[in-house]
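Only one structure is covered here, and it is reproduced in the block below.
Read the figures in this text as sums done on the coordinates, not as results from a lab. All values reported here derive from a predicted model rather than from experimental measurement. Reconstructed Cβ throughout: ideal geometry from the backbone, glycine too, with neighbour counts over all protein chains shown.
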Amino acid sequence: MLLNSDCIGQRSEERSIVIEAGQLKLFAKAIGETNPIYFDEAAARAAGHRNILVPPTFGSCLKFLAPAETPSADELGLDYKALLHAEEKIEYHAPLYVGDRVTLMTEVDSIYSKKDGALEFLVRTTHITDEAGTLLQSVTNTVVMKNAGSST
Amino acid sequence: MTIDITQLAVGDTLPPLEFGPISRHTLALYCGGSGDLNPIHVDSDFAKASGYEDVFTHGMLSMATLGRLLTNWTEQDTIRSLSVRFTAITKIHATVTGSAIVRERTNKGGEDLLVLDLTTHTQDNQQTTKGTAIIAVPTV
């Protein structure tokens, strides 16, 4: 195994991050978003939102913007050269807005292999909560590593 | 055309949404906008050293297209979950089209739910994602 199964069940430290307008504007531009509630504060407020609304897949970005230090990529055994994104699932409990301070905690759900070890999967869920500890979103990310030396 | 969510039935389709062609510039924007700094999407030297012809697109750009497809048609707070499986790499310069079809209409915990089957395909009809969205139907 390239991935370290000792990490299964491990929980990261809690990270705090404020959702920034500039970050969301760049994200909106990148994905071709045209609805101004996702990048213009006045338009968002006019539509009844308390600030720029965070679009559906931005929750997946928070784990990159405030990455977990433990377990580290090295501890997990991740190698970007062999890594592909396999699955992503987001469960929504409450909306996120620009200016919100949220807390992230990432848990290693599972590590397993397929095709006699040629493919190794890492599944992690990032729990996004508000300052009161209420769950806002759960983002489950699955990546796959191709194990070139797995023929044994 | 406005779609009445309360009238949607199994087999109905939602308006598809096209995104692309996805340029190197798009990938650079998404690298910065998402914070996904994996060089495989923006550094062709790194991509070649990793055994690929060239950089390839973030799968999350296809998922974002599916997210936009949904919010083009329903209020975002009706989305209960969105999940995708990436079934093939999306090459640089591809144009992806997101599609959604109603698979099931069900009731859970007193909430009327639509289960949508989602896919994205490239211009040469390669499927790149397959997913599911669960949407709560607002009570009238």
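Some points to look at:
- FRET efficiency, 1/(1 + (r/R0)^6) with R0 35 Å, evaluated for A:A148 and B:Q7 via beta carbons: 0.10
- Based on DSSP H segments of at least four residues, each scored -39500 (n - 2.57), chain B has a per-residue ellipticity at 222 nm of -6500 deg cm²/dmol.
- Chymotrypsin sites (Phe, Trp or Tyr not before Pro) restricted to DSSP loop in segment B:44-140 with at most 16 other C-beta within 10 Å: B:Y52
- FRET E, pair B:K130, B:N72, Förster distance 22 Å, beta-carbon r, rounded to 0.05: 0.65
- If R0 equals 25 Å, the separation of the Cβ atoms of B:E111 and B:R85 corresponds to a calculated FRET efficiency of about 0.50.
- With distances taken between every two different alpha-carbon atoms, the protein assembly as shown has a Kirkwood hydrodynamic radius of 19.8 Å.
- About its Cα centre, chain A has a charge dipole of approximately 400 debye under the convention of +1 per Lys or Arg Cβ and -1 per Asp or Glu Cβ, with nothing else charged.
- Relative contact order of chain B: 28 percent, from C-alpha pairs under 8 Å at least 6 residues apart in sequence.
- Considering only B:T87, A:S110, A:F58, and ranking their Cα positions along the charge dipole of the protein assembly as shown that arises from unit charges at the beta-carbon of Lys, Arg, Asp and Glu, the one farthest toward the positive end is B:T87.
- Of the residues A:A94, A:A30, A:A42, the one that moves most in a GNM of chain A with alpha-carbon contacts below 10 Å is A:A30.
- Charge dipole (debye, nearest 20) of segment A:1-75; +1 at Cβ of Lys and Arg, -1 at Cβ of Asp and Glu: 420
- The magnitude of the dipole of the protein assembly as shown, with charges of +1 and -1 set on the Cβ of Lys/Arg and Asp/Glu and taken from the Cα centre, is near 400 debye.
- Taking the number of Cβ atoms within 10 Å of each Cβ as an exposure proxy, the fewest-first ranking of B:H58, A:H93, B:H25 is B:H25, A:H93, B:H58.
- Reference-scaled alpha-carbon Rg (2.2 N^0.38 Å with N residues) for chain B: 1.17
- For segment A:13-93: Kirkwood Rh in Å [reciprocal of mean 1/r, alpha carbons]: 14.9
- Over 24 Å apart at the Cα level, from the set A:K81/A:K114; A:K63/A:K89; A:K25/B:K108; A:K25/B:K48; A:K25/A:K146, are A:K25/B:K108; A:K25/B:K48; A:K25/A:K146.
- Ratio Rg/Rh [Cα only; Rh per Kirkwood] for chain A: 1.05
- Translational D in µm²/s for segment B:1-58 (Stokes-Einstein at 10 °C, 1.306 mPa s, Kirkwood Rh from C-alpha pairs): 112
- Computed extension length for B:E18-B:I101: 28.3 nm, one decimal, from 0.36 nm per residue of separation with the Cα-Cα distance subtracted.
- Distance between segment B:9-62 and segment A:81-149 - C-alpha centres, whole angstrom: 18
- A convex hull fitted around the alpha carbon atoms of segment A:99-152 yields 77 Å³ per residue.
- Pair-distance profile P(r), taking every C-alpha pair of segment B:72-112, with 10 angstrom steps and integer %: 15, 45, 28, 11, 2
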